[in-house]
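Let me begin by presenting the structure, written as structure tokens, before commenting on it.
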Amino acid sequence: MKDLAGKVAVITGAASGMGRAMVRKAASEGMHVLAGDIDEAGLAETVGGLENAQLMLTDVTSPDANEALANAALERFGGIHLVHLNAGVLTGGFTWENTVDDWRWVLDVNLWGVIHGVRSFIPRMLEKGEAGHVVITASVGGLTSGGLLGPYTTSKYGAVAIAESLHRELDIIEAPIGVSCLCPGPVATGIFRAERNRPDTYDDTCGPMSADAEAAAFHRALISAIDEGTDPAVIPELVFDAVRNDKFWIFPHPDFKERIAARTESIMSETNPEYTVGLPDAIPPSR
Ligand SMILES: NC(=O)c1ccc[n+]([C@@H]2O[C@H](COP(=O)([O-])OP(=O)(O)OC[C@H]3O[C@@H](n4cnc5c(N)ncnc54)[C@H](O)[C@@H]3O)[C@@H](O)[C@H]2O)c1
């Protein structure tokens, strides 16, 4: 989709981080923007001062909220052209330490949020028949899993699979809708403070860090990598390039391809996975 000015963008997870940066970029491109999130104050800060951006309180875990967001884009702006399913949360800990509520929360937001978004937006875009593009925020954690982020990487593998399915299916029906899968490494956002927006319907949690010393060291390394990570404002430049040039994969951190290649090689050669490839500073020594 080359011509973006005057078109309509809907972005979830828009109250912070990469979603906020996307709203600002889309508005600066002359798009009408609908920004969805559960954090109303953050949303207000995102759209503040932007003439062509509006907010809508949206919990992506709810199918009805996704329907309402899609309907609002049509009612307020008359179309849906760029959809960025971006809301996400994260928990730490060993896979067995994560509580049922931890698993439910992460999968509800990161996986079901994408599923509901696809089910609400794609049929309306197909019905309109206009050129469009869907961006799904996955992660390098959707292509490699190194442990200690079990629910998160599970959800992101699912997000990658949905993006690939959508790409193939829209091609089968020759729809004028492109798809991109955004797979960042560390970006300096609030993702490791995701608990701040955790609804109290998910009460029981193992917390963002494991009680185990080495696992906690991994999380501390990951938090510093994220705090010192890429400026979120860089990401929309790559996303808009992908939208304009119909690129599926968006890799803001190409260094991580080494990890993806190592994982693929371990599958192809049927050798056991090596988890430290490409992430030497973030992984604690083996016991
Ligand atoms: N920051 C990184 O290093 C990194 C790396 C790879 C992928 N990602 C992914 O990028 C996406 C954006 O996250 P970010 O890094 O900007 O973090 P962030 O915490 O700054 O932003 C995430 C936003 O999602 C919102 N959110 C949480 N639950 C929601 C719900 N139920 N409904 C609607 N919105 C909800 C939060 O309120 C927040 O505004 C996420 O999907 C995340 O998994 C982040």
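The values are calculated or read from the model by the stated rules, or taken from the named source; none is laboratory data. Note that this is a predicted model, so its numbers are computed, not measured. Counting neighbours? That spans all protein chains shown, and the Cβs are built from the backbone with ideal geometry, glycine included. Side chains included, ligands, DNA and RNA excluded: accessible areas come from the protein's heavy atoms. Shrake-Rupley method; radii C 1.70, N 1.55, O 1.52, S 1.80 Å.
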Residue hits (the range 103-117; surrounded by 24 or more Cβ atoms within 10 Å (Cβ to Cβ) and in contact (Cβ under 8 Å) with a residue 60 or more places away in the chain) are Trp105, Gly113, Gly117
Pull up the range 185-222, narrow it to residues that are among the β-branched types (Val, Ile, Thr) and in contact (Cβ under 8 Å) with a residue 12 or more places away in the chain, then point me to the one that is farthest from Val100 (Cα to Cα).
Val187
Residue that is of a type in the set (Gly, Ala, Ser) and either within 16 Å of the ligand (Cβ to nearest atom) or touching a Phe, Trp or Tyr at 6+ places or on another chain (Cβ under 8 Å) (or both), where the choices are Gly113, Gly93, Gly79
Gly113
Within the range 92-101, can one find any residue that is modelled with pLDDT under 95, under 20 Å from the mean Cα position of the chain (by Cα) and closer than 20 Å to Ala215 by Cα?
yes
Scope the range 207-241; condition touching a His at 6+ places or on another chain (Cβ under 8 Å) and either within 30 Å of Ala5 (Cβ to Cβ) or acidic (Asp, Glu) (or both); matching residues
Thr230, Val239
Members of the range 134-153 found to be over 13 Å from the mean Cα position of the chain (by Cα), within 16 Å of the ligand (Cβ to nearest atom) and open to solvent by 20 Å² or more (accessible area, probe 1.4 Å), listed by number
Leu143, Ser145, Gly146, Leu148, Leu149
The one condition Pro63 fails out of (1) open to solvent by less than 50 Å² (accessible area, probe 1.4 Å); (2) more than 9 Å from the ligand (Cβ to nearest atom) is (1)
Out of Ala87, Ala131, Ala35, Ala73, report the one residue that is farther than 18 Å from Arg193 by Cα, under 17 Å from the mean Cα position of the chain (by Cα) and of a type outside the set (Ser, Thr, Tyr).
Ala35
Do we find that Thr137 is more than 21 Å from Pro254 (Cβ to Cβ) and of a type in the set (Val, Ile, Thr) in this structure?
no
How about the range 195-204: which of its residues are surrounded by 17 or more Cβ atoms within 10 Å (Cβ to Cβ) and at pLDDT below 95?
Asn197
Going by the conditions given, is Gly207 more than 16 Å from the ligand (Cβ to nearest atom), crowded, with 21+ Cβ neighbours inside 10 Å and either farther than 22 Å from Glu258 by Cβ or at pLDDT 95 or above (or both)?
no
Quick check on the range 187-203: of everything there that is of a type outside the set (A, V, I, L, M, F, W, C) and in a loop (DSSP other than H, G, I, E, B), which residue is farthest from the ligand (Cβ to nearest atom)?
Asp203
Ser165: passes all of (1) outside any loop (DSSP other than H, G, I, E, B); (2) in contact (Cβ under 8 Å) with a residue 24 or more places away in the chain; (3) of a type in the set (S, T, N, Q) but (2)
So for the range 175-186 (the condition being more than 20 Å from the chain's Cα centre (by Cα) and either open to solvent by 40 Å² or more (accessible area, probe 1.4 Å) or within 14 Å of the ligand (Cβ to nearest atom) (or both)), does at least one residue qualify?
yes
Please go through the range 241-267 and pick out each residue that is within 18 Å of the chain's Cα centre (by Cα) and not in a helix (DSSP H, G or I).
Lys247, Phe248, Trp249, Ile250, Phe251, Pro252, His253
